[in-house]
Amino acid sequence: MLARRWTIAHRYREPAAYGIPELPAWDVRASASGGLEFAASADSEPFLRAERPVRVRR
């Protein structure tokens, strides 16, 4: 439910007015093995890695 609330607040109002924090700006890059990495900035170490990410259908 929180994702729906954030989406509605983002599209029609200011999210901060609803107590919803801003999304963090992460650096997303491909790893050497073809995986996916998330880091706080382009020159920092990744804090989250997915070696074999898969596409998920909702």
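Summing Lys, Arg as +1 and Asp, Glu as -1, what charge do residues with Cβ under 15 Å from the Cβ of Pro53 carry, Pro53 excluded?
Neighbourhood net charge equals +3.
Over all alpha-carbon pairs of the chain, lay out the pair-distance distribution in 10 Å bins, whole %, shortest bin first.
20, 30, 34, 15, 0
Could you please state how large a percent of the accessible area of the chain is carbon and sulfur, counting protein chains only and using a 1.4 Å probe?
Answer for the chain is 55 percent, counting heavy atoms of protein chains only.
Got the relative contact order for the chain handy, in percent, Cα pairs under 8 Å and 6 or more residues apart?
Value for the chain: 20 percent.
Taking the Cβ of Thr7 as the center, what net charge do the other residues with Cβ under 15 Å away carry, scoring Lys and Arg +1 and Asp and Glu -1?
Net charge around Thr7: +3.
Rolling a 1.4 Å sphere over the protein heavy atoms, what is the accessible area per residue of the chain, to the nearest Å²?
Per residue, the chain has 96 Å² of solvent-accessible surface.
Show that you can apply the helix-only estimate: for the chain, add -39,500 (n - 2.57) for every DSSP H stretch of four or more residues, divide by all residues, and state [θ] at 222 nm to the nearest 500.
Calculated mean residue ellipticity at 222 nm is -5500 deg cm²/dmol.
The values are calculated or read from the model by the stated rules, or taken from the named source; none is laboratory data. Computed from a predicted structure; not experimentally measured. Cβ: placed from backbone, ideal geometry, glycine included. Neighbour counts: every protein chain shown. Ligands, DNA and RNA are excluded from the accessible area calculation, which covers all protein heavy atoms including side chains. Shrake-Rupley method; radii C 1.70, N 1.55, O 1.52, S 1.80 Å.
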